[in-house]
Structure formats: C-alpha cells, structure tokens
Amino acid sequence: MPLNDTIARITDRIVERSKDKRATYMDRMARAADEGPKRAHLSCGNQAHAYAAMGDDQERLAAGRQPNLGIVTAYNDMLSAHQPYERFPDLIRAAVRKTGATAQVAGGVPAMCDGVTQGQVGMELSLFSRDVIALAAGVALSHNTFDAAVYLGVCDKIVPGLVIAAATFGYIPAVFLPAGPMTSGLPNDEKSKIRQKFAAGEVGRDELMKAEMASYHGPGTCTFYGTANSNQMLMEFMGLHLPGSSFVNPNTPLRDALTAAGAERATEITNLGNDYRPAAQVLDEKAFVNGMVGLMATGGSTNLLIHLPAMARAAGVMLDLEDFADISSVTPLMAKVYPNGLADVNHFHAAGGLTYMIGELLDAGLLHDDTLTVMGDGLRDYTKEPKLKDDAVVWEDASRETQNDKILRPVSDPFQKTGGLADLQGNLGRAAMKISAVKEEYHVIEAPCRIFEDQEGAKEAFKRGEFTEDTVVVVRFQGPSANGMPELHSLTPTLAVLQDRGLKVALVTDGRMSGASGKVPAAIHLSPEAHHGGPIAKLRDGDVIRVDAKAGTIEVKGVDLSTREAVTRDLADNSHGVGRELFEVFRQNVGLASQGAGVVV
C-alpha cells in the first residue's frame, strides 16, 4: 500500500521545517561517531577509574575490543512501574557477558510518580523533572566509556527525558527496555465511579482508599492508558523497543528474556560491528511521524503533545501542533482502552495489541515502513510477536485478526474515523483537546465562564453548590512559567459529576490534564499562558466562551480583549516548599507549552 498522501505531505512539511536544524544535528553526530569508540581516547588513569569495581570484567574493558553498554536506570521502589528495574542490571550484565561484552550502570535518573503527587504541591516539579532526567542521563553518559546505552524507564516524564538524552548522545545506539504493566486489578471504570461518588460526598474515604489500593496493587505500570503506557506505545512505533515488548508483565520468564535480548541487541548495533544503528539515525522525521500516528490510533495521552516536540527538537526535528491535528484527521481510532473504554492495557495486549495495530496501519499506508529501528530495517518487524522457546526469544508472525473487536478494531472498521485530537485556535490563543473519549454531544460547548486561579478553588466552588448551569471552568496561572504546569487531574471527578447531572461543562486552562483524563471536554495547554499576559488573563467571570472541537476554535464571544488589562497574580507562594526553590531558574527560562515547554531543548 502506498503511503497516505496526507501522511506524506505532513512528513515533507516537517522535513522542510527541520532542514537546517536537522542538518546541523546530523553533522555533529557524524563527527562524534567518526572519533570511534570513546574508551580508546581515555588515558590509562581515566580507564582505571572506570573499571576499578568491575571484577572479572576488568580485562575485557581494558582491551576495548568488545562493546561496553551504559545502563541508565530510573529505578526506585516507590514507583510501581519502575520497581521491576531493580533486577535489570544483573540480567543485562549476565546476558551480554555471554557475547563477550560488558555492561555498567552509568547512572541513575529521578523518577517521580505523578500518581503520588497528583493534586499536591510536588506536582509542580513534575514537568520540569523531564529536563532534570535528560540532564542526569547526560551526566551518566558523559564518562565516554560506552559503545551503546540501554535506558530503563517507563512513566510520564521519564521516557521523554531519556529520549532527549538519547538524541543528545545520538552517535551511540539506544535501546529502551520496558518493565511492563502490573496485572489487572479493580477495573478502572469501577475505580472512577468510586472517585466520583467520593467527590459527590456519597462514600467515605475508607471506601475510596479500598478502591485505589485494589486498582494499584503490584509491580508494573498502572493499567489505564495514560502517559506511561502511551510512552511504551511510542517507543515501539518509533523503533526503540524490541517488537512486542511493551506490555509483557513484569517478573515473568518472557519479560526477563526480552530484557536479555534487548541488551544483546544493543551490543550488536554499535560501531564496533557491521550493523551500526546510532540513535540519531533512528530518531528521524519519519520515526516521529510514526509515533504521532500511534498516538492518534490508540487515543493516547495529551501529555505527549508537549513531550514529542521536546524529544524531536533534541534530534533536530521541529514539530508543530498542526502536525498532530492533521495526522489525527486521517488516522482512525482503533483502540478502546480506559479512559477511552472499559479495557485495560493487559486486555488490549491480549486482543492483539501493538503488533496487530502496526500491521493494520502499515497495510493502510498510514505508517512509514522504511524507518531504521533497533531491530532492523523497516517497521514490518514490529508486526511479529515475541515467543519464548528453549529459554530464548523468537519472533513469529502475529494474528492478523483482532481477538476482541470491543477493544481493538481494524482500520476498515474503527471506533472513530479520526484520532480524536483537535488543535484549537482563536482569540484566546492556541490549545489542544483530546476528544476520543468525549461524547460527540460535548464536542461543542458554549457557556458563561467561571474563573479560578487554581484547581482547589474550582473544587471548593463545587462543594458549595455553585455550579447550577452550563459552565466553562477556566483555571489559569497553571502554565509552565507560573508554577511548572502541574496536571489538574483531580478536577476530573468534579467536572464529571457536573456532566452526569446534565450540565454542559468544559475546562479551559493554560495547564495540563492527566494522560488518563477522558470524558469531560478540556481545552488544555492554552498558549500564551496567563503569566505571560495571554488572553486567558483578560477573561472575567460571565464571559461567554465557545470551545468548538469540530471547527477547531476557542473564542470568547462579544468581547474585545484588546480593551482589557491582563490580570496578574502574586506567585510568590509557588517559589518555595517541597523543593520548588530549586526550580526558579526553570520557571524563568521554560519555553511555551505549544512548543514543548522545554528548558534544556
């Protein structure tokens, strides 16, 4: 099947937009690669320090004839998705020793859990942690003793930060090794109902705690399709995972075998051999287009509208919101995974998962097949699924039929004809809206607004019974410069209750929503943000706002905003407490949300 005309046009547009920056980046990577294995340029004293603790591996490291892998790990045992990584360094070292290679933990990077900080002050550090992760990974790899890197990361900001680092060190190969989702617990929709009942005062905290613990119950990624699992999808569509490895549960024989296979593959694609696959060549314009197609086809997290442009910029590729919206317009929504359905990622994987989806999209001409991946040449490798035979991984052709059409459908019969993302523009600026889980009757909301300067204010107004008519809830001063752009996920149950009561409600904010947010229409990432004097700072209570996902507009009606002064807010309280003091330089230098909200890129 020839490549879809729209996908081809968007790719050409990105290539043209990125031409100068990509050329400069690739020239820099080529010059770094031409210098050869970095260990050869270290002094004897440098090398002795690097190998002193490596025991039986010392001689092989000093000889420098076999690959040495740098392990960059986001392990901690406070974050369920990353707890399985505790075992991975030993698995990796054991696997590569069989090939004569070596591996060292180059360094650790922070990995915060947005589920723990959701609705708390610590969430104000969440987005910025992506840049800290990139910096920390850069420090780890700066020792220049590694021929390839394997990256251990799963969740929200962790994978994007690691990809930024992988692109920065793009002259060496990068293989991402997932840890897998936790087994299914209390269904996500049942948990959501309990949250809404708690928000409405119908159940107590004891019932809420019981439901939460039954849902988040063991090692692995949370099972809903939020940012963490969207990241795993992305790594597979972009060719940085081994095929079919994203959603294999932790601590299983197949998971361990895939970890070993990924490490072995990393040793095979260094510039010491004949199959050199540096990250810079994998992370090209076509790979990012494939990632955006995957995001739309799966109904993935809105957080990637921020992260993908930042990741791409690190590789000299310039993305714009119009690219996402135009790709969404031709990409069918093929999956129904919570919050866009009742299934979780384990059910999605069992129904055929990413291997089925990639095969369908390739056959429909909606993906670039001629990409370089860590596995081989072309994305067709990712239509095969891993099997464990004689304690080794082999890849076999996957079924070309969905195993459950309530969860996963073919391109010819999707849940929706488009991916469900709207790029909204108008006199309030520019915002994004994910509509894949929003009923069509809520795709257009026009109502008077109520303005709040934090999410707690909106929740308190709800508790006081102040929402009695259709309302556009505006929460401003939530952008990256104002307070680090925390997710406003704790608003979701509140707004959902109002919607269930028959009111038409929408959220407009210069902040973020969780990647798990769903049925309430939310115009998010509004730029310019209020702290920069954006139009949102000129709104007043009662102004009529129209949020129109069908037309792609976001407007205040009957108001000439140029006649109003932008309100300001004293943000002094955002600058201290729970580590916020350390991030003042980030708030002062962060870019626009519409351009990735980057500090280091």
query: How many residues does the stretch 434-450 hold that are assigned to a strand (DSSP E or B) and under 29 Å from the mean Cα position of the chain (by Cα)?
result: 3
field: Subset of the stretch 143-163 [closer than 15 Å to M238 by Cβ, part of a helix (DSSP H, G or I) and not hydrophobic (A, V, I, L, M, F, W, C)]
entry: P160
query: Just for the stretch 69-120: of the residues that are part of a helix (DSSP H, G or I) and at pLDDT below 95, which one is nearest to I172 (Cα to Cα)?
result: D114
query: Restricted to the stretch 29-44, and to residues that are outside any loop (DSSP other than H, G, I, E, B) and surrounded by 15 or more Cβ atoms within 10 Å (Cβ to Cβ), which residue is modelled with the highest pLDDT?
result: M29
task: Exactly one condition in (1) closer than 22 Å to H307 by Cβ; (2) in contact with a strand residue (DSSP E or B) (Cβ under 6 Å, 6 or more places away or on another chain) is not met by D541; state its number.
output: (1)
- request: Go through the stretch 193-224 and give me each residue that's in a helix (DSSP H, G or I) and closer than 23 Å to G353 by Cβ.
  value: S215
- prompt: Among the residues of the stretch 274-286, is any open to solvent by less than 10 Å² (accessible area, probe 1.4 Å), at pLDDT 95 or above and polar (S, T, N, Q)?
  reply: no
message: From the list G122, G115, exactly one residue is small (G, A, S) and more than 25 Å from S246 (Cα to Cα). Which is it?
response: G122
- request: Please note which strands (runs of 3 or more DSSP E) are completely contained in the stretch 510-601 and include at least 2 residues that are modelled with pLDDT of 95 or more, closer than 29 Å to P448 by Cα and open to solvent by 40 Å² or more (accessible area, probe 1.4 Å).
  value: 544-548, 553-557
query: Somewhere in the stretch 464-474, is a residue part of a helix (DSSP H, G or I) and open to solvent by less than 20 Å² (accessible area, probe 1.4 Å)?
result: no
message: Considering only residues that are within 13 Å of I10 (Cα to Cα), in a helix (DSSP H, G or I) and among the charged types (D, E, K, R), which ones fall in the stretch 307-338?
response: E322, D323, D326
query: Only one of these conditions is not met by N251: (1) modelled with pLDDT of 95 or more; (2) touching a Gly at 6+ places or on another chain (Cβ under 7 Å); (3) assigned to a loop (DSSP other than H, G, I, E, B); (4) more than 21 Å from V289 (Cα to Cα). Which number is it?
result: (2)
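Identify, from the list A166, A140, A179, A136, the residue that is free of Cβ contacts under 8 Å to residues at least 40 places away in the same chain and either outside any strand (DSSP E or B) or more than 30 Å from G596 (Cβ to Cβ) (or both). Give the steps one after another, and end with the answer.
Numbers: A166 fails: free of Cβ contacts under 8 Å to residues at least 40 places away in the same chain; A140 fails: free of Cβ contacts under 8 Å to residues at least 40 places away in the same chain; A179 fails: free of Cβ contacts under 8 Å to residues at least 40 places away in the same chain.
A136 is the lone residue from the list that is free of Cβ contacts under 8 Å to residues at least 40 places away in the same chain and either outside any strand (DSSP E or B) or more than 30 Å from G596 (Cβ to Cβ) (or both).
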message: Looking only at residues that are closer than 15 Å to A266 by Cα and polar (S, T, N, Q) in the stretch 55-68, which one is modelled with the lowest pLDDT?
response: Q66
- request: Report, by residue number, each residue of the stretch 260-289 that is in a loop (DSSP other than H, G, I, E, B) and farther than 21 Å from K38 by Cα.
  value: L283, D284
field: Among the residues listed as Q47, Q58, Q66, the single one being assigned to a loop (DSSP other than H, G, I, E, B), surrounded by 14 or more Cβ atoms within 10 Å (Cβ to Cβ) and over 33 Å from the mean Cα position of the chain (by Cα)
entry: Q66
- prompt: Within the set of pairs 6+ apart or on separate chains, which have a first residue in the stretch 351-370 that is open to solvent by 10 Å² or more (accessible area, probe 1.4 Å), a second that is basic (K, R) and not in a helix (DSSP H, G or I), and C-beta atoms under 6 Å apart?
  reply: none
task: State yes or no: is K191 open to solvent by less than 10 Å² (accessible area, probe 1.4 Å), among the charged types (D, E, K, R), closer than 25 Å to V248 by Cβ and touching a residue at least 60 places away in the same chain (Cβ under 8 Å)?
output: no
field: Of all residues in the stretch 409-428 being outside any strand (DSSP E or B) and charged (D, E, K, R), the one that is most open to solvent (accessible area, probe 1.4 Å)
entry: K417
Condition met for A431 (assigned to a strand (DSSP E or B), of a type in the set (A, V, I, L, M, F, W, C) and either surrounded by 20 or more Cβ atoms within 10 Å (Cβ to Cβ) or modelled with pLDDT under 95 (or both)): yes
query: Given the conditions (1) in a loop (DSSP other than H, G, I, E, B); (2) within 25 Å of the chain's Cα centre (by Cα), and given that L507 satisfies all but one, which numbered condition is not satisfied?
result: (1)
query: Can you name the condition, by its number, that E360 falls short on among (1) over 13 Å from F237 (Cβ atoms); (2) assigned to a helix (DSSP H, G or I)?
result: (1)
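The values are calculated or read from the model by the stated rules, or taken from the named source; none is laboratory data. Since we're looking at a predicted model, the values are computed, not measured. Note: ideal-geometry Cβ built from the backbone for every residue, glycine included; neighbour counts use all protein chains shown. What goes into the accessible areas is simple: the full protein's heavy atoms, side chains included, and nothing from ligands, DNA or RNA. Shrake-Rupley method; radii C 1.70, N 1.55, O 1.52, S 1.80 Å.
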